[in-house]
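Student: Have a look at the structure that comes next, please.
The values are calculated or read from the model by the stated rules, or taken from the named source; none is laboratory data. Just so you know, these numbers come straight off a predicted model, no measurement behind them. As a convention, Cβ positions derive from the backbone with ideal geometry for all residues, glycine included, and neighbour counts pool all protein chains shown. Quick note on the areas: whole protein, heavy atoms, side chains included, nothing else; ligands and nucleic acids left out. Shrake-Rupley method; radii C 1.70, N 1.55, O 1.52, S 1.80 Å.
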Amino acid sequence: MKKSKVLAMALGLAMGVSASNALAAEAQDGAALSETAFNDVPQGHWAYSALEVLSKDGVLEGYPDGSFKGDETMTRYEMAQIIANAYKGGSFADDALIDGVRQELSSELKTLKKVEKQVKKNTAAINKMQSFVDKMEFGGFGQVRYENNNSKGYDNQNDNDRYYLDLKAKYKVNDDWSVCTEWEINHKYGNYRNFYDEVNDSDEVKNQIYNGAGRGDSKFYPRLWIEGKLNNKLSMDIGRKWRGLGFQVMMYGEETDGITLDYKLNDSDLAATAFYWKPDNKEVNQLAIAGAGIKGTVGHGTQLQAYYARANVEKTGSTVGYTEYYKPGGAQLNPKIWNHGNQMIGLSLMQNFAPNLYLWADHSRTNADEQNNATAIKVSYKWTDLNQPGSFHLYGRWHNYKENGRWCGDTADSLWLDGSTGWTFGGKYVFAKNVEGELCYGWSTATDAHKNDADYTRKVWRAQLDFHF
């Protein structure tokens, strides 16, 4: 049999109904199939005559039970068997039949070529888009919070609502480098408080601020940085991003412009690090720091961070910015005088000391003349899994922040201020996939410079709901 006949036959099989109809048109007068061949194809079936031609020539064979099983999908093995049978010899059809098939399918073949061309074009476009999508990562979360905070007990208007949105995106330039961006939309609404008036020595002046969150504090924070590997051991990030020191971010946590270098010390995650960071908001914070340290896993279930940092200020007395609020009755900004030292060491430890139990410990010490250390210890049980509704996390935490013991700490979402000692207890719970709630209660003691250095107790409870995406 000529090779062209075999190809024509294979084409006819591939075209399905059209090919079978063409073959049937050429085989209307053929004898009936044997009683044992294709016993599941009735004589009145539209493909009966076509199957008869292929069966007699030995190209098609039935299954051992004599059936054809025409409604089932043909495998590549079965296709190979058909082609092999066609090559054995015998002519299953004459040239006229092949020409008839070719002519019958000519319009379909032309259409098929056009479709194939368009499919290739669409496939290329889809692959290009898929390649772009594969290089992009998006994520973030939205947060709703309610907080009751008897800040120094100045009045009973102590409710604070907060709405927050965090959007993150990363574009993978190549296997080593990525461009990253983050947007924070931070809306904080605080009630008015009666704060001490240094100018008039009176408690009667209503200063329209809230401790850490005023009505004017609704802000938009755009950030952009580049991160990647310089070689197999050395990696870097450079640009504007939020950066912190310590597992509980007690020592330092701030949005900064700067650079961080990490050098791998082993095949795991242990690395040496060096950094230079400076705040982007020069009006309220001019404290730039440089330092070095080590971080990573140092033993079974134990992770360590240790740092030394130096600031661009004098040990005491430097002006590092200005308060964000005006003096009562005047337009002059209050200078921020730095008394926290210009050198700091920090040690942070996380230990999985028992199944589902974790110990967190952070300690920092500065070279300030007094009140120069800060400590936070936390014990937590289990973790939440955003993909697992019903998962939960419980924690208890003790802190002792001396007045000059840390720099720009952002621990516990800025819940406790310098110069305070106290406890916090709370937990997280996943209500639905990617929906996590948190509830915490805490109290701390401190001294109030505006009330003759009298001790006071600050109590806070907070409820929030995070929607991750």
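Student: Quick one: which residue in Trp423, Trp416 is assigned to a loop (DSSP other than H, G, I, E, B), among the aromatic types (Phe, Trp, Tyr) and more than 20 Å from Asn352 (Cα to Cα)? If you could, list the steps in order and put the result at the bottom.
Tutor: Working: Trp423 fails: assigned to a loop (DSSP other than H, G, I, E, B).
Answer to the check: Trp416.
Every residue, every condition in (1) of a type in the set (Val, Ile, Thr); (2) in contact (Cβ under 8 Å) with a residue 40 or more places away in the chain, yes or no:
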{"site": "Arg223", "(1), (2)": "no, yes"}
{"site": "Glu227", "(1), (2)": "no, yes"}
{"site": "Asp257", "(1), (2)": "no, no"}
{"site": "Tyr263", "(1), (2)": "no, no"}
{"site": "Asp267", "(1), (2)": "no, no"}
{"site": "Ala271", "(1), (2)": "no, no"}
{"site": "Phe275", "(1), (2)": "no, no"}
{"site": "Val298", "(1), (2)": "yes, no"}
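Student: Go through (1) among the β-branched types (Val, Ile, Thr); (2) at pLDDT 80 or above; (3) buried (at least 18 other Cβ atoms within 10 Å of the Cβ) and name the single condition Val320 misses.
Tutor: (2)
Student: Something else now. Could you list, in sequence order, the residues of the range 405-419 that are at pLDDT below 70 and either open to solvent by 10 Å² or more (accessible area, probe 1.4 Å) or in contact with a Lys or Arg (Cβ under 6 Å, 6 or more places away or on another chain) (or both)? Can you show your working first?
Tutor: Filtering the range 405-419 for residues at pLDDT below 70 gives 410-414.
Of everything in the range 405-419, those that are at pLDDT below 70 and either open to solvent by 10 Å² or more (accessible area, probe 1.4 Å) or in contact with a Lys or Arg (Cβ under 6 Å, 6 or more places away or on another chain) (or both) turn out to be Asp410, Ala412, Asp413, Ser414.
Student: Taking Trp277 and the conditions (1) over 21 Å from Leu347 (Cα atoms); (2) at pLDDT 95 or above, which numbered condition does it fall short on, given that it satisfies the others?
Tutor: (1)
Student: Being modelled with pLDDT under 70, open to solvent by 30 Å² or more (accessible area, probe 1.4 Å) and assigned to a helix (DSSP H, G or I), is that true of even one residue in the range 55-65? Please lay out each step first, then the result.
Tutor: Taking the range 55-65 as the starting set, the residues that turn out to be modelled with pLDDT under 70 are none.
Within the range 55-65 (the criterion being modelled with pLDDT under 70, open to solvent by 30 Å² or more (accessible area, probe 1.4 Å) and assigned to a helix (DSSP H, G or I)), the answer is no, since none of the residues qualifies.
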